[in-house]
Amino acid sequence: MLKYTLKRILQAIPLLIIISILTYLIINLAPGDPTAFFINPEKASRLGPDYVANIKHHLGLDQPLHIRYFKWLGNVLRGDFGESFFEQRSVMSILWEALPNTIILSLVAELIALIVAIPAGIICALKRNSIWDYIFSTISFIGMSLPTFWFGLMLILVFSLKLGWLPTAGMRDNFDAFVFTDRLRHIILPAIVLGMGGMAANMRYMRGAMLEVIRQDYIRTARSKGLSEKVVIVKHALRNALIPIVTMFGFSIPALFSGAAITETIFAWPGVGRIAIEAVFSNDYPLVMGNFMIIAVMTVVGSLVADLLYAVVDPRIKYE
Amino acid sequence: MEKLLDIRNLRTYFYTEDGVVPAVDGVSFYIKPGETLGVVGESGCGKSVTSISTLRLVPNPPGKIMEGSEIIFEGTDLLKLSEAEMRKIRGNKISMIFQEPMTSLNPVFRIGDQIAEVLLLHQGLNKAEAREKAIEMLKLVGIPRPEKVVDDYPHSLSGGMRQRVMIAMALACNPRLLIADEPTTALDVTVQAQILDLMNDLKKKVNAAVMLITHNLGVVAESCDRVVVMYAGKVVEEGDVYSIFEDPKHPYTVGLLKSMPSAVGGQDKLDSIPGVVPNPLNLPKGCRFAPRCNKAMDICREKQPGLTVLGEERTVRCFLYNREDGVK
Ligand SMILES: Nc1ncnc2c1ncn2[C@@H]1O[C@H](COP(=O)(O)OP(=O)(O)OP(=O)(O)O)[C@@H](O)[C@H]1O
Ligand SMILES: [Mg+2]
């Protein structure tokens, strides 16, 4: 298993390099010019093209694309993601500060998603075509098709503005100390918005997996042993039906991170997703690259975690 | 001798979208303590439904055991027990093994834990004792290196070995009755004989009765004391194994025996019964076998034949033996 893990990590390196090349190309070819922000029109007209060239040089944008890329790559291999164009700080320090916030938000979102999806999926499968099946299936269908920004704004409208129960934005009100209830109140709405898609998908997976499992021969065997229906379902059936869900968990990591971009922007949540969006709009190339590389690494790690979890929950799977 | 299991007028119907399927339609037979009863018949005649009805494991919906059926086990009607009381019987006094050893064990639990589960549930053993007993059972069913296999997962065993595990699990609580639904059908021919021998051996050791469901008459000849022949949800003939093979009465039984290789010595061509099993949604009005029967008379197409008692433990459902006793 250790050997397999190492092999997978080594295999991921070329993949990450290719992703970085593509990302670098796309953001540099995208319309917009970061130098525009730094150009003072009055100075530009007075000092002429030298002034603009100087700014370009200062940002390192005067060199050809491939040279810039290799410079960037060389620095990254030494652990240096460069400096943000606009915030006079290193990309690393910006991201390190924001990453835990995104991770916490994603975990809570996934937790909410699973806590709802697993029991609901089981109920749908066991009481197939019942009123509950229809209700949950409809919720799941809506959850999959709701646009995140609309859903987020609606929740803010109802629970923050109309009812005044929960804050509209941010991560905390109390900046001096960690107050659990303060944090909890802030995380509820963004976590629900971020978890909605995963909840809907997991509910469908759970329902399907459970339907598949309960008609297996070993479930009949379990009943013929005299086990109660509760043990048959919760032990024998659920343990098998959870296999695809656990595997899905690894794959949901990148989905959560990209979903976080919109959710964090709506709720002004200080995470890497919001930073990514801001960086893209302002053409802050180093920050965009750093951000996207985090997502790429998370994706690779996520699929590795998915594979490893698969072997943990299913004894039939062995990695050499 | 007193009866261990007495099934009386069992009717199990399935309410499907296309209509009502009378999978088991008024079946009666009994099993005496320690004996092996063979239940034979073509595919779809209701053998499996009869067996899962006995344990009250018919999936509901769509299945339902109808009013008026009785399944009397050791003097009590199982159909009158509560679900909790019924659970004390399953896996304990009546246990079951199935046709598909490859899929009948739960893939995510260790073999030993799956055997121990019944011991923890019914025998009140603690974990260590249950594990010991599980190893002992594995040894009993002839699994090599039981101390190791007890911690293995099912996928590492062959079909034959898995069926041995199923037998170990079924016999762990010393049941009075073992229901074996085609226990060897899915196995290689050589392994089939081993599993049958093992079952015959062990049932004597633990003194259990066996309901052996099969469509292989060779298996019946080898293992059974008495035989029940089923056709389209009904028992058509019943008798001790000797009379059934030597002197079959019902034309269906005669046909089954003829289609059996080497049973009727010296015959090189097999006669299979012409025609197909009737659609359970659209059964003939009279005898259900009449459309395929070479001895069918007018009355056979009009009325359903009743059961005729031919002798001690010997009955047949056919107008050839009693023309008056027709039931509408
Ligand atoms: N869950 C179910 N829903 C609807 N009909 C069913 C169901 N289970 C069984 N049946 C019907 O009951 C009838 C008897 O089936 P059963 O499985 O008892 O046959 P069998 O004698 O065991 O056949 P085989 O030799 O193929 O195992 C069949 O017509 C089948 O279609
Ligand atoms: Mg069957």
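Working only within the stretch A:164-198, note down all residues that are under 20 Å from A:Ile123 (Cβ atoms) and open to solvent by less than 20 Å² (accessible area, probe 1.4 Å).
Within the stretch A:164-198, just A:Gly195 meets the criteria.
Name the residues in the stretch A:267-282 that are open to solvent by 20 Å² or more (accessible area, probe 1.4 Å) and more than 15 Å from the chain's Cα centre (by Cα), would you?
A:Ala268, A:Glu278, A:Val280, A:Phe281, A:Ser282
Are there strands (runs of 3 or more DSSP E) fully within the stretch B:167-236 with at least 2 residues that are away from ligand 2 (no atom under 14 Å from the Cβ) and within 30 Å of B:Gln123 (Cα to Cα)? List them.
Qualifying strands (runs of 3 or more DSSP E): B:177-181, B:209-214.
Of all residues in the stretch B:34-60, count the ones that are buried (at least 18 other Cβ atoms within 10 Å of the Cβ), within 14 Å of another protein chain (Cβ to nearest Cβ) and within 14 Å of ligand 1 (Cβ to nearest atom).
8
Would you check which residues across the stretch B:117-132 are assigned to a helix (DSSP H, G or I), open to solvent by 10 Å² or more (accessible area, probe 1.4 Å) and under 18 Å from A:Leu227 (Cβ atoms) and list them?
B:Glu117, B:Leu120, B:Leu121, B:His122, B:Gln123, B:Lys127
Looking at A:Val193, is it of a type outside the set (Lys, Arg) and within 30 Å of B:Pro175 (Cβ to Cβ)?
Spelling it out, it is not the case that A:Val193 is of a type outside the set (Lys, Arg) and within 30 Å of B:Pro175 (Cβ to Cβ).
Of the residues A:Leu256, A:Leu309, A:Leu287, A:Leu304, which single one is touching a residue at least 40 places away in the same chain (Cβ under 8 Å), within 14 Å of chain B (Cβ to nearest Cβ) and either more than 21 Å from A:Ser93 (Cα to Cα) or buried (at least 17 other Cβ atoms within 10 Å of the Cβ) (or both)?
Sole residue among the options that is touching a residue at least 40 places away in the same chain (Cβ under 8 Å), within 14 Å of chain B (Cβ to nearest Cβ) and either more than 21 Å from A:Ser93 (Cα to Cα) or buried (at least 17 other Cβ atoms within 10 Å of the Cβ) (or both): A:Leu309.
For the stretch A:1-57, what are the residues that are in a loop (DSSP other than H, G, I, E, B), small (Gly, Ala, Ser) and either at positive phi or free of Cβ contacts under 8 Å to residues at least 40 places away in the same chain (or both)?
Of everything in the stretch A:1-57, those that are in a loop (DSSP other than H, G, I, E, B), small (Gly, Ala, Ser) and either at positive phi or free of Cβ contacts under 8 Å to residues at least 40 places away in the same chain (or both) turn out to be A:Gly32, A:Gly48.
So B:Leu57 ticks every box in (1) away from ligand 2 (no atom under 16 Å from the Cβ); (2) more than 12 Å from the chain's Cα centre (by Cα); (3) aliphatic (A, V, I, L, M) but one. Which box is left unticked?
(1)
From the list B:Ile31, B:Ile71, B:Ile7, which residue is among the aliphatic types (A, V, I, L, M), more than 16 Å from ligand 1 (Cβ to nearest atom) and surrounded by 16 or more Cβ atoms within 10 Å (Cβ to Cβ)?
None of the others qualify; the one that does is B:Ile31.
Which one of B:Asp225, B:Asp188 is away from ligand 1 (no atom under 16 Å from the Cβ), open to solvent by 30 Å² or more (accessible area, probe 1.4 Å) and under 22 Å from B:Ile31 (Cα atoms)?
B:Asp225
So in the stretch B:104-116, with the set limited to residues that are more than 19 Å from the chain's Cα centre (by Cα) and assigned to a helix (DSSP H, G or I), which one is farthest from the other protein chains (Cβ to nearest Cβ)?
In this case the residue turns out to be B:Gly112.
Among the residues of the stretch A:94-109, is any more than 21 Å from the chain's Cα centre (by Cα) and surrounded by 13 or more Cβ atoms within 10 Å (Cβ to Cβ)?
Checked the stretch A:94-109: no residue is more than 21 Å from the chain's Cα centre (by Cα) and surrounded by 13 or more Cβ atoms within 10 Å (Cβ to Cβ).
Return the residues of the stretch B:26-46 that are assigned to a strand (DSSP E or B) and either more than 16 Å from ligand 2 (Cβ to nearest atom) or farther than 16 Å from B:Asn9 by Cβ (or both); say none if nothing qualifies.
Within the stretch B:26-46, B:Gly26, B:Ser28, B:Phe29, B:Tyr30, B:Ile31, B:Thr36, B:Leu37, B:Gly38, B:Val39, B:Val40 qualify.
What number of residues within the stretch B:61-101 satisfy the criterion of being assigned to a strand (DSSP E or B), facing chain A (nearest Cβ under 8 Å) and either touching a residue at least 40 places away in the same chain (Cβ under 8 Å) or among the acidic types (Asp, Glu) (or both)?
Of the residues in that region, 2 qualify.
Residue under question is A:Leu211, and the condition is that it be within 14 Å of chain B (Cβ to nearest Cβ), surrounded by fewer than 20 Cβ atoms within 10 Å (Cβ to Cβ) and either in contact (Cβ under 8 Å) with a residue 60 or more places away in the chain or in contact with a Lys or Arg (Cβ under 8 Å, 6 or more places away or on another chain) (or both); does it hold?
For A:Leu211, the condition - within 14 Å of chain B (Cβ to nearest Cβ), surrounded by fewer than 20 Cβ atoms within 10 Å (Cβ to Cβ) and either in contact (Cβ under 8 Å) with a residue 60 or more places away in the chain or in contact with a Lys or Arg (Cβ under 8 Å, 6 or more places away or on another chain) (or both) - is met.
Suppose the filter is touching a helix residue (DSSP H, G or I) at 6+ places or on another chain (Cβ under 6 Å), in contact (Cβ under 8 Å) with a residue 12 or more places away in the chain, away from chain A (no Cβ under 13 Å) and open to solvent by less than 40 Å² (accessible area, probe 1.4 Å); does B:Leu198 pass it?
Taking the combined requirement at face value, the residue does not satisfy it.
What is the one condition in (1) within 16 Å of ligand 1 (Cβ to nearest atom); (2) in contact (Cβ under 8 Å) with a residue 40 or more places away in the chain; (3) more than 14 Å from chain A (Cβ to nearest Cβ); (4) open to solvent by less than 20 Å² (accessible area, probe 1.4 Å) that B:Lys234 does not satisfy?
It fails just one condition, (4).
Test A:Ser224 against the criterion of being within 12 Å of chain B (Cβ to nearest Cβ) and among the hydroxyl-bearing types (Ser, Thr, Tyr), and give yes or no.
So A:Ser224 passes the test.
Taking B:Val254, is it within 16 Å of ligand 1 (Cβ to nearest atom), in a helix (DSSP H, G or I) and β-branched (Val, Ile, Thr)?
Judged against the criteria, B:Val254 is not a match.
The values are calculated or read from the model by the stated rules, or taken from the named source; none is laboratory data. What you see is a predicted model, and the numbers here were worked out from it, not measured in a lab. Neighbour counts run over all protein chains shown; Cβ positions are idealised from the backbone, glycine included. Side chains included, ligands, DNA and RNA excluded: accessible areas come from the protein's heavy atoms. Shrake-Rupley method; radii C 1.70, N 1.55, O 1.52, S 1.80 Å.
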